[in-house]
1. With respect to residue 83, is the statement that it is at pLDDT 90 or above, more than 30 Å from residue 46 (Cβ to Cβ), surrounded by fewer than 20 Cβ atoms within 10 Å (Cβ to Cβ) and in contact with a helix residue (DSSP H, G or I) (Cβ under 6 Å, 6 or more places away or on another chain) true?
2. Find the residue count for region 1-50, including only residues that are surrounded by 12 or more Cβ atoms within 10 Å (Cβ to Cβ) and assigned to a helix (DSSP H, G or I).
3. Find the residue count for region 51-67, including only residues that are surrounded by fewer than 16 Cβ atoms within 10 Å (Cβ to Cβ) and within 11 Å of the chain's Cα centre (by Cα).
4. With surrounded by 20 or more Cβ atoms within 10 Å (Cβ to Cβ), in contact (Cβ under 8 Å) with a residue 12 or more places away in the chain and under 15 Å from the mean Cα position of the chain (by Cα) as the only criterion, which of 88, 96, 70 stands out?
């Protein structure tokens, strides 16, 4: 028998799964990102085709990821445990910071760079400011996702392989795409996007919920019967 809680949980699974799948697809936009360490942010923004579209897509991806993670935790808080709670909290804080960075890079950086590119020199007043350095907190996004992946692997909400893929590709993305490692960085980006899509699709289909219900039925003790 379907209860109101089951309906609510199913809707949350579909919501979070859809958000994570869409976020994963949009993450692919960062695969061709130029190596800003070989030049400056100003040169990269002005010389890279589709710079604005690339970072606008990342901004939308970050917003969708927040929705997906919040929906995931709302539906499965009891199964994700403390590790999942801390992971979701860190990831959401990091995603909010990342969204601010992506917004700046998409809509403000190119405009300012056209008028005063020297501001974006590595020892320039903007890049060296404390406000820009606070953007490093966006790294909490990836740390949080690794923790969420571990929590999911123990929860049975999604297939264990999907959960491990999210944790592993988040770490690979941080280590390889963060410093723009040639070839491996873009490959890590594709894998990271795939991890999002895999977890999102599993939530959309809902095998974890169905599997949990089946296990619960098997664990129910037999109803004692009286003897006349």
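1. Working: at pLDDT 90 or above: yes; more than 30 Å from residue 46 (Cβ to Cβ): yes; surrounded by fewer than 20 Cβ atoms within 10 Å (Cβ to Cβ): yes; in contact with a helix residue (DSSP H, G or I) (Cβ under 6 Å, 6 or more places away or on another chain): yes.
Against the criterion (at pLDDT 90 or above, more than 30 Å from residue 46 (Cβ to Cβ), surrounded by fewer than 20 Cβ atoms within 10 Å (Cβ to Cβ) and in contact with a helix residue (DSSP H, G or I) (Cβ under 6 Å, 6 or more places away or on another chain)), residue 83 qualifies.
2. To start, the set of residues in region 1-50 that are surrounded by 12 or more Cβ atoms within 10 Å (Cβ to Cβ) comprises 6, 8-36, 39-46, 48.
Checking the rest, the ones that are also assigned to a helix (DSSP H, G or I) come to 6, 8-30, 36, 41-46.
Matching residues across region 1-50 total 31.
3. Residues flagged as surrounded by fewer than 16 Cβ atoms within 10 Å (Cβ to Cβ) and within 11 Å of the chain's Cα centre (by Cα) within region 51-67 amount to 0.
4. Values: 96 fails: surrounded by 20 or more Cβ atoms within 10 Å (Cβ to Cβ); 70 fails: surrounded by 20 or more Cβ atoms within 10 Å (Cβ to Cβ).
Going through 88, 96, 70 in turn, the sole match is 88.
The values are calculated or read from the model by the stated rules, or taken from the named source; none is laboratory data. Computed from a predicted structure; not experimentally measured. Using ideal geometry, Cβ is built from the backbone for each residue, glycine included, and neighbour counts are taken over all protein chains shown.
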